[in-house]
Amino acid sequence: MILKSLRKASAFALAFVTASVLGLPAAAPEKAQFVGSYKWKRADHKLGGFSGIELSSDGKSFTAISDQAGIVSGTLHRDNGRISDVVTEQKGHLRDERGRKLRGKYSDAEGLAVRSDGRIFVSFEHQHRVWAYLTLKAAAWLPRPKQFKALQPNSGLEALAVDPKDRLYAIPERSGKLTRPFPVWRYAKGKWTQPFALRREGGFLPVGADFDAEGNLYLLERAFTGFGFKSRVRRFFLNDDAITAEETLLETAILQHDNLEGLSVWKDAEGDIRLTMISDDNFNDFQRTEFVEYRVTRR
């Protein structure tokens with residue numbers, strides 16, 4: 001979640017420029033083609049502040065979390081490949097290890113990942129941690145290494161992802177220095193390690209991540225300009241513990257979309273990679289919750 005102190009300061013600017021800037025073309029040539037966006041009305045979900053999303057392998061079912069510990073699942077309906085309706089099926093509240101509803105700053109859920117067996121992982125800011133949910137009745141702690149405890153208060157583990165081998169990855173929003181790469185931590189066999197780091201460049205900060213079926217890592221990043229948000233998606237090709245190549249798939253103009261924070265990667269019926277993203281409205285009337293989709297073109 002972006003710093004709360006920025007909300008009021010940016011609200012007027014957002015309202016002033018949105019009408020003239022929305023719909024501008026992307027800032028650079030893209031390898032990802034815009035498919036469509038869908039505004040999800042607050043009356044339909046009664047949450048807001050969405051920070052993470054996961055889709056089923058066919059792109060039809062979704063689970064999303066809010067940074068006030070809300071969790072919702074449902075179905076995405078598409079018309080000619082574009083989202084035309086969102087049906088909410090289940091809605092709940094994340095709980096602690098004793099089954100109590102999370103409240104206050106310790107409820108700031110940011111990252112979401114789902115393992116192949118259905119186990120849900122959620123990362124939280126402030127008390128930087130990752131919890132696992134076999135069911136939503138209670139959480140289970142994952143080990144909390146000293147590196148997590150040293151993260152900045154409002155810039156913790158923003159992005160979670162599970163690779164095809166069911167290993168969990170966590171990426172913080174900030175690296176600590178402008179020239180320092182973003183560390184990537186991996187949880188496997190009961191412990192966290194740091195196999196690699198991601199190059200930091202251009203003022204963008206990680207907010208969401210996912211893997212495709214081939215084991216490539218996709219990173220959603222956000223930049224806040226004072227007038228609005230820009231988004232970028234990079235793809236990293238991995239050889240287990242090393243990055244072999246990277247490419248920028250998408251970089252948007254200011255306010256082309258809202259504050260995109262969650263990313264899910266899946267393959268459509270034509271065999272193309274889809275990037276489905278969801279925005280965090282910061283519980284701000286000048287912003288909106290939207291699903292945004294791009295198709296990654298094949299070479």
Result of the Cβ filter at 6 Å on the range 155-168, keeping first residues that are at negative phi and partners that are of a type in the set (S, T, N, Q) and open to solvent by less than 20 Å² (accessible area, probe 1.4 Å), at least 6 apart or interchain, is LEU157/SER123; LEU160/SER123
Across the range 251-273, which residue is surrounded by the most Cβ atoms within 10 Å (Cβ to Cβ) among those that are free of Cβ contacts under 8 Å to residues at least 60 places away in the same chain and part of a strand (DSSP E or B)?
LEU260
Answer yes if at least one residue in the range 174-193 is modelled with pLDDT of 95 or more and within 20 Å of VAL292 (Cβ to Cβ), and no otherwise.
no
Which one of these does GLN90 not meet: (1) without any contact (Cβ under 8 Å) to a residue 40 or more places away in the chain; (2) under 16 Å from the mean Cα position of the chain (by Cα)?
(2)
For the range 36-48, state whether one or more residues are open to solvent by 10 Å² or more (accessible area, probe 1.4 Å), within 18 Å of the chain's Cα centre (by Cα) and farther than 24 Å from ASP272 by Cα.
yes
Could you check VAL162 against (1) under 23 Å from PHE236 (Cβ atoms); (2) hydrophobic (A, V, I, L, M, F, W, C); (3) surrounded by fewer than 13 Cβ atoms within 10 Å (Cβ to Cβ) and say which number it fails?
(3)
Which pairs do you get when a residue that is modelled with pLDDT under 95, found in the range 280-294, comes within reach of a residue that is among the β-branched types (Val, Ile, Thr) and open to solvent by 10 Å² or more (accessible area, probe 1.4 Å), reach meaning Cβ atoms under 8 angstrom, with the pair 6+ apart or on two chains?
ASP280/ILE2; ASN282/ILE2; PHE286/THR18
Based on what the data block shows, is GLU97 loosely packed, with under 13 Cβ neighbours inside 10 Å and not hydroxyl-bearing (Ser, Thr, Tyr)?
yes
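Yes/no per residue for (1) under 19 Å from the mean Cα position of the chain (by Cα); (2) crowded, with 17+ Cβ neighbours inside 10 Å:
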site: LEU142; (1), (2): no, yes
site: PHE148; (1), (2): yes, yes
site: GLN152; (1), (2): yes, no
site: GLU158; (1), (2): yes, yes
site: ASP166; (1), (2): yes, no
site: PHE182; (1), (2): yes, yes
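Return a yes/no flag: does the range 187-208 have any residue that is within 30 Å of ILE254 (Cβ to Cβ) and touching a helix residue (DSSP H, G or I) at 6+ places or on another chain (Cβ under 9 Å). Please lay out each step first, then the result.
Initial filter on the range 187-208 (within 30 Å of ILE254 (Cβ to Cβ)): 197-208.
Narrowing further to those that are touching a helix residue (DSSP H, G or I) at 6+ places or on another chain (Cβ under 9 Å): none.
No, the conditions are met nowhere in the range 187-208.
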How about the range 87-146: which of its residues are under 13 Å from GLU158 (Cα atoms) and aromatic (Phe, Trp, Tyr)?
PHE121, PHE124
From the list THR276, THR248, which residue is open to solvent by 40 Å² or more (accessible area, probe 1.4 Å), in a strand (DSSP E or B) and either touching a helix residue (DSSP H, G or I) at 6+ places or on another chain (Cβ under 6 Å) or not aliphatic (A, V, I, L, M) (or both)?
THR248
Among the numbered criteria (1) out of contact with any helix residue (DSSP H, G or I) (no Cβ under 9 Å at 6 or more places or on another chain); (2) modelled with pLDDT of 95 or more; (3) open to solvent by 10 Å² or more (accessible area, probe 1.4 Å), which one does GLY104 miss?
(2)
Which condition number in (1) open to solvent by 10 Å² or more (accessible area, probe 1.4 Å); (2) assigned to a strand (DSSP E or B) is the one that PHE62 fails?
(1)
When the range 203-241 is checked residue by residue, the ones that are part of a loop (DSSP other than H, G, I, E, B), surrounded by 13 or more Cβ atoms within 10 Å (Cβ to Cβ) and among the small types (Gly, Ala, Ser) are GLY203, GLY215, GLY228
Of the residues in the range 76-126, how many are closer than 17 Å to ILE53 by Cβ and in a helix (DSSP H, G or I)?
0
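Quick check: is even one residue across the range 117-125 among the polar types (S, T, N, Q) and surrounded by fewer than 20 Cβ atoms within 10 Å (Cβ to Cβ)?
As a first pass, look at the range 117-125 and keep what is among the polar types (S, T, N, Q): 123.
The next check asks that each one be surrounded by fewer than 20 Cβ atoms within 10 Å (Cβ to Cβ); those that pass are none.
No.
The values are calculated or read from the model by the stated rules, or taken from the named source; none is laboratory data. Keep in mind that this is a model prediction, so the values were computed, not measured. Reconstructed Cβ throughout: ideal geometry from the backbone, glycine too, with neighbour counts over all protein chains shown. For accessibility, only protein heavy atoms count, side chains too; no ligands or nucleic acids. Shrake-Rupley method; radii C 1.70, N 1.55, O 1.52, S 1.80 Å.
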